[in-house]
Structures are given as C-alpha cells and as structure tokens.
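This report refers to the structure that appears directly beneath it.
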Amino acid sequence: PTTMVEDTISIPEVTWKDIGALQTIREELVWSILNRIKNPVLMAKCGPSKPKGVMLFGPPGCGKTLVAKALANEASINFLSVKGPELIDKFVGESERNIRSLFQRAKECSPCLIFFDEIDSISERRSFHAHGGGTKVVQQLLTVLDGVENRDGVFVMGATNRLDCVDPAFLRGNRFGNLLYVGLPSAEGRLEILRSLTKNGTIPKMAGDVSLEVVANDDRCNGLTGADLSELVDLATMSAWKSNYSDNVVEIIVTSKDFENALSQIRPSVSSRDLESY
Ligand code: ATP
C-alpha cells in the first residue's frame, strides 16, 4: 500500500509571470539548476565538479513552492512534490520502501524535479516513531540522494520553514548545500506580488481608483507574506461582491474602498517573533 507516490506528476502551470519579487532567487536557480537541466552534457564536461543541491528556506507563504514549480515549468520537466511527513510511515520499513518507490517513479517520469517540502521532519533527532526509524529513513534518503547525479533526468530540491531542525547530513556535500533564503517581500516586492496576483483574468476588474502602489506601501502591509497578500486580494474581492452583488449583476468591480476594507481586516500570518528565528 503506497501512499504519496501515487500523486499525479505533470509539468506545472505556474510560470515566473505568476510570481512577484524573488528575482535574485530566480537567477540563482537558473544557474544552479535550470542550466544543468537544459545542458547536462556541457555541465558534465565543464561545470562545477560537485554542483550543490538547492535548499529553499524561510517563513511559510513566501513562495518556495511557487519558484520550484516555475523552475520546472521553464525547464519543461515533470514536478513531483512530496512532504517529509508523507514519506514517514508508522510501520517500520515502509518509509524506506516509500523513498525507493518515489525515486523509481521519478525516474519513470524523467526528466523530473522532486521537491522535498518540510524536509526538517525527516531527521535523526526527531524520533517520529519508535524503533529508531529516524536514522534508517535519513540513511536511505541520503543513499538515494547521493546516487541521484548518476540517475539520468532526476533532479531534487529541498524546502523548509525550520532550517535549524534540518538534519545536518542533508546539508553536507553536494546534497542540499546551496541554501537560498526566501523571505518576506519589501514594499517594492509587495507591489510586484500584488500586480501578479491581480493580473488580467485572475480577479474581477479593478476600478481606476485603485492604486496598488498605495496599497503596497500602506503600513498595514508591513510584515505580510505573499500568501497574506493573496488573502488581502481575496478579502477585497469579497468586499466588492458584498457591496455589488445582486441576482442580475453581470460584473463585479473592486474599488479602493474594497482594498481599504481588506487592509483593515488583514493580519500578518508570521509573527515578528517567529521572523527572528530566520
Ligand atoms: P509553505 O512553507 O507554507 O509551503 P511556501 O513558501 O512554499 O510556503 P507558497 O506555497 O509558494 O509558499 O505560496 C503560497 C501562496 O502565496 C501562493 O500560492 C501564492 O498565492 C502566494 N504567494 C506567495 N509568494 C508569492 C509571490 N512571491 N508572488 C505571488 N504569489 C505569492
């Protein structure tokens, strides 16, 4: 009885256009992964001898999954996302089997990017079940990861909200040693994110009186993540629905008043105290 390995595998539809800010992350991913995928022969011949695997880290909701998907989209390769806890099975031995079948599946769908989300949950220090299963799972994953360079067309990337809890073995050598911080957006970043979240067709029409620049620079936006900004747009949309809707209305238009309503409701999902741990 396998579990997560049955998830659908496909080329993601997310593109860089759907993502605001995070330009430097994108550039780094182009050099460290995309070019490697696009040009494996040249990379093998004259690339760095030990290209390091990428680990995205930072607070939740800032776009780690999005950039991983956009990368797979740009490279036109399949994307397989697996969360650490899904790999851990309470039956001894099942986890190792899960890991083997995961890589087998990825190989069958190659070229393929495996995205290991919440990788902090796979750790020797965390005893997720009795019998010391943690060590075995870590060992199994390390073994497969170390062999991944030889496996044609299978690429890996890690992600975590808790870098301090990641088993250090995953960060050594060429495993996930290239650490990239995906953090909270600046006011400028917020504007880019709001633009991508409201681009044509994604939400109802916006009235001419809406200035995303004013919204992005509003003090109440300080500390908001990309996911919070998405929530903000949803709140504004809902506000517009509430004030416009009737049975025969054909269009909903979001005004600056709706954004004002949304701003008065939104709260940062990541506390400033949690932020200090990144
Ligand atoms: P988690 O650690 O919770 O998995 P994450 O960092 O992987 O979070 P995502 O899942 O990529 O975050 O983002 C969640 C949602 O927030 C996205 O689906 C998107 O709607 C919005 N979002 C986050 N960051 C951005 C961004 N930079 N541009 C546009 N939308 C964003």
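Condition first: surrounded by 18 or more Cβ atoms within 10 Å (Cβ to Cβ) and either among the basic types (Lys, Arg) or without any contact (Cβ under 8 Å) to a residue 40 or more places away in the chain (or both). Can you find one or more residues in region 4-19 that meet it? Looking for residues that are surrounded by 18 or more Cβ atoms within 10 Å (Cβ to Cβ) and either among the basic types (Lys, Arg) or without any contact (Cβ under 8 Å) to a residue 40 or more places away in the chain (or both), one finds none in region 4-19, hence no. Return yes or no: is SER256 within 16 Å of the ligand (Cβ to nearest atom) and either of a type in the set (Gly, Ala, Ser) or open to solvent by less than 80 Å² (accessible area, probe 1.4 Å) (or both)? Here the answer is no, as SER256 does not meet what is asked. Of all residues in region 44-92 being of a type in the set (Val, Ile, Thr) and open to solvent by 40 Å² or more (accessible area, probe 1.4 Å), which is nearest to VAL148 (Cα to Cα)? Residue satisfying both the conditions and the ranking: THR65. Among the residues making up region 201-248, those that are among the acidic types (Asp, Glu), in a helix (DSSP H, G or I) and open to solvent by 20 Å² or more (accessible area, probe 1.4 Å) are GLU213, ASP219, GLU231, ASP234. Of the residues screened, LYS38 is not one that is surrounded by fewer than 19 Cβ atoms within 10 Å (Cβ to Cβ), modelled with pLDDT of 85 or more and either in contact with a Ser or Thr (Cβ under 8 Å, 6 or more places away or on another chain) or of a type in the set (Gly, Ala, Ser) (or both). Selection of region 55-97 for residues being of a type in the set (A, V, I, L, M, F, W, C) and more than 20 Å from ASP18 (Cβ to Cβ) yields MET55, PHE57, VAL82, LEU87, ILE88, PHE91, VAL92. Within region 76-101, the set of residues being touching a Ser or Thr at 6+ places or on another chain (Cβ under 8 Å) and among the small types (Gly, Ala, Ser) comprises SER81, GLY84, SER101.
Scanning region 229-252 for residues that are in contact with a helix residue (DSSP H, G or I) (Cβ under 6 Å, 6 or more places away or on another chain) and within 14 Å of the ligand (Cβ to nearest atom), we see that the one that is farthest from ALA216 (Cα to Cα) is LEU235. Taken over region 184-200, the criterion of being assigned to a loop (DSSP other than H, G, I, E, B) and more than 9 Å from the ligand (Cβ to nearest atom) is satisfied by LEU184, SER186, THR198, LYS199, ASN200.
Does region 166-183 hold any residues that are open to solvent by 30 Å² or more (accessible area, probe 1.4 Å) and in a helix (DSSP H, G or I), and which are they? Scanning region 166-183 gives PRO168, LEU171. Out of contact with any strand residue (DSSP E or B) (no Cβ under 9 Å at 6 or more places or on another chain) and within 16 Å of the ligand (Cβ to nearest atom), is that true of SER211? No, not satisfied.
Counting the residues of region 259-278 that are open to solvent by 60 Å² or more (accessible area, probe 1.4 Å) and assigned to a loop (DSSP other than H, G, I, E, B) gives 6.
The values are calculated or read from the model by the stated rules, or taken from the named source; none is laboratory data. From a predicted model like this one, the values you see are computed outputs, not experimental measurements. Don't worry about glycine lacking a Cβ; one is built from the backbone with ideal geometry, like all the others, and counts go over all protein chains shown. Surface accessibility is based on the protein's heavy atoms, side chains included, excluding ligands, DNA and RNA. Shrake-Rupley method; radii C 1.70, N 1.55, O 1.52, S 1.80 Å.
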